[in-house]
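The values are calculated or read from the model by the stated rules, or taken from the named source; none is laboratory data. None of these values were measured; they are calculated from a predicted model. When we count neighbours, we look across all protein chains shown, and the Cβ atoms used for this are built from the backbone with ideal geometry, even at glycine. Heavy atoms of the whole protein, side chains included, go into the accessibility calculation; ligands, DNA and RNA do not. Shrake-Rupley method; radii C 1.70, N 1.55, O 1.52, S 1.80 Å.
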Amino acid sequence: MNLRDLQYLVALAEHRHFGRAAEACFVSQPTLSTQIKKLEDELGVPLVERTPRKVLLTEVGRDIAIRARDVLGGIEQIRSVARRTLDPESGTVRLGIFPTLGPYLLPHALPLVRAAFPKLELLLVEEKTEAVLRLLREGRLDAAILALPLHEDSLHSEFLFEEPFLLAVSEAHPLAHKQGLLKLSDLSNQNLLLLEDGHCLRDQALEVCHMAGAGERSGFRATSLETLRQMVAANVGITLLPVTSVKPPVAAVENLHLIEFKGHPPSRRVAMVWRKSSAMDAFLKRLAEVFRQLPADLLDTHAAASPPAAALPPPPRKRQPR
């Protein structure tokens, strides 16, 4: 058995046609067919059902093809490690990131990465934090950008930045006139719109709610920040938004009023993490340093805040009957 035979079997499992599988492997159809037959003879089991119109793998053939795919993937990882050791800047880095940060950070960070490492292939995976951590533990990611704390002893973390939050309300909301004067205590007895379970931003917002004496708006949980933004603009409720999510190239939303907190605002701490056993440790530290070189105004809440809104007029006084 050799790796080429396993490659032929995987190709046959994917294409289910000897001709197309041979073409994908850059060999003739008789060559591929002969090698599959030799593999069957060596293993002593039939791998393929040959019918006039199509090719079907037997049950054991499908099982072996799945395992063969894993073997070939492992071999490619070994080659990748060797290439990165010789020239880490020209290799591939598989980077995980969570969805309430990825779309807003990457447009600013990726040009910096391309400029610093023009030959680097950066493969991005966007998943919720728990899924990213699982892929990282399994070796299917090289590194990840996540919010702290993580409580993972097997991971090394490099702090990148602290991202402040803004309060998002509609222009008609009573808090809209609090620009620059907003305190956490002003959120007391407010009910915030939050994301669904699994988003780390939900946990961070709940922590702020706990400190402020606020609660969660019952009966609603959003699947994305964009949904939260639109619900706030429709005057359904209020929420916390990380500052990168409201900076260009993100389009402004009509009737959405962004309020800066007075003093030190609630925030989240973001880091790049990877396995302590990673052979890429030295290069990943250099990559983390590039992510620290973000534009200075990207994390500036003052620049993102809406212009001050006029205070709402007091309610009309009721006329007393004579």
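If you go through the range 141-159 one residue at a time, do you hit one that is over 23 Å from the mean Cα position of the chain (by Cα) and either at pLDDT 90 or above or not in a loop (DSSP other than H, G, I, E, B) (or both)?
Looking for residues that are over 23 Å from the mean Cα position of the chain (by Cα) and either at pLDDT 90 or above or not in a loop (DSSP other than H, G, I, E, B) (or both), one finds none in the range 141-159, hence no.
Which residues, taken from the range 207-222, are surrounded by 15 or more Cβ atoms within 10 Å (Cβ to Cβ) and not aromatic (Phe, Trp, Tyr)?
Val208, Cys209, Ala212, Ala214, Gly215, Glu216, Arg217, Arg221, Ala222, listed by residue number.
Could we say that Val71 is of a type outside the set (Asp, Glu), in contact (Cβ under 8 Å) with a residue 40 or more places away in the chain and in a helix (DSSP H, G or I) here?
Spelling it out, Val71 is indeed of a type outside the set (Asp, Glu), in contact (Cβ under 8 Å) with a residue 40 or more places away in the chain and in a helix (DSSP H, G or I).
From the list Leu241, Leu258, Leu228, pick out the single residue that is surrounded by 15 or more Cβ atoms within 10 Å (Cβ to Cβ), assigned to a helix (DSSP H, G or I) and among the aliphatic types (A, V, I, L, M).
From the options Leu241, Leu258, Leu228, the qualifying one is Leu228.
Out of Gly96, Gly91, Gly102, which single residue is in contact with a Lys or Arg (Cβ under 7 Å, 6 or more places away or on another chain), open to solvent by less than 30 Å² (accessible area, probe 1.4 Å) and closer than 28 Å to Ile145 by Cα?
Gly91
Go through the range 40-65 and give me each residue that's free of Cβ contacts under 8 Å to residues at least 40 places away in the same chain and under 41 Å from the mean Cα position of the chain (by Cα).
Once the filter is applied, which keeps residues that are free of Cβ contacts under 8 Å to residues at least 40 places away in the same chain and under 41 Å from the mean Cα position of the chain (by Cα), the range 40-65 yields Leu47, Val48, Lys54, Thr58, Glu59, Val60, Asp63.
Hey, does the range 68-78 have a residue that's in contact with a helix residue (DSSP H, G or I) (Cβ under 7 Å, 6 or more places away or on another chain) and crowded, with 18+ Cβ neighbours inside 10 Å?
yes
Can you find a residue in the range 115-122 that is touching a residue at least 12 places away in the same chain (Cβ under 8 Å), part of a strand (DSSP E or B) and either of a type in the set (Phe, Trp, Tyr) or closer than 30 Å to Thr227 by Cα (or both)?
yes
Within the range 172-189, how many residues are assigned to a loop (DSSP other than H, G, I, E, B), open to solvent by less than 70 Å² (accessible area, probe 1.4 Å) and either free of Cβ contacts under 8 Å to residues at least 40 places away in the same chain or among the basic types (Lys, Arg) (or both)?
2
What about Ser277, is it open to solvent by 60 Å² or more (accessible area, probe 1.4 Å), modelled with pLDDT of 85 or more and closer than 23 Å to Leu95 by Cα?
Taking the combined requirement at face value, the residue satisfies it.
What are the residues in the range 190-203 that are assigned to a loop (DSSP other than H, G, I, E, B) and buried (at least 18 other Cβ atoms within 10 Å of the Cβ), if any?
Once the filter is applied, which keeps residues that are assigned to a loop (DSSP other than H, G, I, E, B) and buried (at least 18 other Cβ atoms within 10 Å of the Cβ), the range 190-203 yields Gln190, His199.
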